[in-house]
Structure formats: structure tokens, C-alpha cells
Amino acid sequence: MSSPSSTSPLDVALRPGRPPMLLAKPDGDPARWVSRHRDALRATLTEHGSVLVRGLGLRDAAGTAAAFRALSTDLMAETESFAPRQTYDTGVYSSSKWPPNQPMCMHHELSYTVEFPRLMLFACLRAPTDGGATAVADATAVLKALPRRLVKRFERQGWLLTRSYNEEIGASVAEVFGTEDRDAVERYCRAHAIAFRWQPDGSLRTRQRRSAVVRHPLTGRRCWFNQIAFLNEWTLAPEIREYLVDSYGADGLPFNTSYGNGDPIDADVIDLLNSVYQTHTAREPWQAGDLMLVDNIRTAHSREPFEGPREVLVSLADRVSLTDCSPTLEVTAP
């Protein structure tokens, strides 16, 4: 029988420019250590928005899955992903497949869906030789740092995500919706406030409008919660954007974001968003065996470019409905 979870405060190191970190002494059983300290870890997460646990000694997918399940009984099956993942176990995935030399800019996982994880769990089984940190940024601090006029516009209009599915870039229809059956895809879209249109060539294009600012369901904090910058065309490397526009047209990019009324977002606005994120970024290079907990609503995360093999496992946990987060817009298809 496992010991009850300890609620005693953990000795968390707070260092400027780095995520909160604590050192673990698991005595050879990471999952048992996590189970014993579950309540204290989750309390630390509520206080700080993220925490990196070092020294845990996670070595394989089975041990990682056990540690993840010790932290949450609600590991989500991912839908509407923007990039493919490998499945290791039920609710346990690889990090998103994304070119190693390209950054994954700050974002909140699945912020364009009507149900998303409140908790992100990351475990590093193999650290890259250079780069590849999963950096974090406090969404409340980011919101306060943004120009008030810009925030008000996004609060009033929301943000719009447009996706065009193809077999070359991003996740396929089957990977996003779990099926290629048109009727099933259409049912999913109607149930999740997604406008859809089948193109003459048989491909799918979707649009979904969401709130850019929400309130945390536990703390009531106002948070900048979206993927406006990450999934926008101006965040792409210029040569990649040029190739995609040449291949699919300006309206056929795999994903793009705009203001909620459909107006395009200028490149200088995207640069501003990414600059504010950068100012509030905390990073710590991965070490093999590390575990990181991230509050997905309060804290944005990114993946920096890297060299060498990198194996980071991920779980999306503690399902939350957008309607529980006081969205500024009604959840309807655009």
C-alpha cells in the first residue's frame, strides 16, 4: 500500500530567469516519490504556475506513465493537435513533432479548443546536446505587460484560428479528429464550435473563434490564454512562410491566426507579443530524469531549438471546459 500524500511544503528554489525548481530523492522509485508528494507538488504548482523536479531519475516510458498517473487521474486523449505525436501509453505522448532547428514559440496547449488541459506534465528521458529547453512564461504577467488597447481589442473580438489540412505539413485530419469519415468530422466540428468547409480538392478548412483572455478556474487570475503568436504566419521562418504561400496560397496555410472579426494581424503585433513573452521567459536546460509540471492556463510554455537526440514525454491532464474559465466571448462557431 502506498503512503498517503504529504502536504508538507517543499523546498523550492526560486531563481530569476529560471522556473521554480526542487530536488527529489526518490530512492529508486520515482512514481512512489511523486505519489508521496503529490499534494505538495500540486500546491507548489498553484502557487508558482510551474515547477521543475530534478533528480527524480525517470528512465523509461513505463516509469514516466506511472509518475504522471500519480499526479493526475485524468490524463487526456489529445484531439485537435497542431502537429503529430507518438503515443507511448494511454494519455502519454511524445512531444510534438516539430523541426529541431525551429522554435515552438510560447503558447498554451489546446487553447483553441473548448476543452483543454489545466495541467501539462513533461518528463525528459534524454536531454539534447544543446538547446531544447521547455521554457515557461507567466500569463498574468504577460497580460499586464501588453498594451491595454491591444488587450481590449482581443477581449472584444477574440482571436480566430484558421486551419487548412494537407498531408505534408502539420497534423492530418485523421490525427486531429481521430477519423477520416466526413460525417464524423462534421459532427465533431458542430459539437465543438468549429466552422468547416470541404474544398473542391477534398481537403478540409476550419475556423474557430476563441477568447484571448480567460480567468483561471481555481484562482480567478486573469490570464493571456491563446496561441495567437505561435500559430500566426509571421512567426514562421521567412523561408518556410514563403514556401507555404507558394505551395498553398496565402489562404491555404496549414494554420494562421487573425483578430476575431477576421482582420489580419500585422507582423509588428506578432513581434510585440513574442517580445513580451521573451521578456517574461524562464528557462532551465533539461537533464535526463527531470519532471516538469506546468499550469497550462496560468503559464505558457515553449520549446527552444536543439541539436542532438531529445526525448521528452508529455501528458495533458485535468480537463477543463472553456466555459469554466469566464471567457469574454460566447463559445459559438464563427
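The values are calculated or read from the model by the stated rules, or taken from the named source; none is laboratory data. Just so it is clear, the structure is predicted and the values come from calculations on it, not from any experiment. Backbone-built Cβ (ideal geometry, glycine too); neighbour counts: all protein chains shown. In case anyone asks, the SASA skips ligands and DNA or RNA and just uses the protein heavy atoms, side chains included. Shrake-Rupley method; radii C 1.70, N 1.55, O 1.52, S 1.80 Å.
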Counting only residues in region 209-228 that are touching a Phe, Trp or Tyr at 6+ places or on another chain (Cβ under 7 Å) and aliphatic (A, V, I, L, M), the one nearest to L272 (Cα to Cα) is identified as I228
Residue selected from region 82-100 under the condition open to solvent by less than 10 Å² (accessible area, probe 1.4 Å) and touching a Leu at 6+ places or on another chain (Cβ under 9 Å), by the criterion farthest from V294 (Cα to Cα): F82
Go through region 269-327 and report how many residues are on the phi > 0 side of the Ramachandran plot, over 18 Å from the mean Cα position of the chain (by Cα) and open to solvent by 10 Å² or more (accessible area, probe 1.4 Å). 2
In region 245-267, what residues are open to solvent by less than 10 Å² (accessible area, probe 1.4 Å) and not in a loop (DSSP other than H, G, I, E, B)? T257
Evaluate the following for L236: is it within 30 Å of S203 (Cβ to Cβ), free of Cβ contacts under 8 Å to residues at least 12 places away in the same chain and out of contact with any Lys or Arg (no Cβ under 9 Å at 6 or more places or on another chain)? yes
Cβ pairs under 7 Å, 6+ apart or interchain, first in region 136-158 and closer than 9 Å to W224 by Cα and touching a residue at least 24 places away in the same chain (Cβ under 8 Å), second open to solvent by 10 Å² or more (accessible area, probe 1.4 Å) and in a strand (DSSP E or B), ordered by first then second residue, are T140/R222; L143/R222
Can you tell me which residue within region 58-75, out of those that are surrounded by fewer than 18 Cβ atoms within 10 Å (Cβ to Cβ) and in a loop (DSSP other than H, G, I, E, B), is nearest to the chain's Cα centre (by Cα)? D74
All-but-one check, A13 against (1) open to solvent by 30 Å² or more (accessible area, probe 1.4 Å); (2) over 18 Å from the mean Cα position of the chain (by Cα); (3) in contact (Cβ under 8 Å) with a residue 12 or more places away in the chain, failing number (3)
Going residue by residue through region 190-207, is there one that turns out to be aromatic (F, W, Y), crowded, with 16+ Cβ neighbours inside 10 Å and either more than 19 Å from the chain's Cα centre (by Cα) or under 28 Å from L119 (Cβ atoms) (or both)? yes
Which residue is surrounded by the most Cβ atoms within 10 Å (Cβ to Cβ), if the candidates are limited to region 123-139 and must be of a type outside the set (G, A, S) and under 16 Å from the mean Cα position of the chain (by Cα)? V136
Before we move on, is R190 within 19 Å of L110 (Cβ to Cβ), touching a residue at least 12 places away in the same chain (Cβ under 8 Å) and part of a strand (DSSP E or B)? no
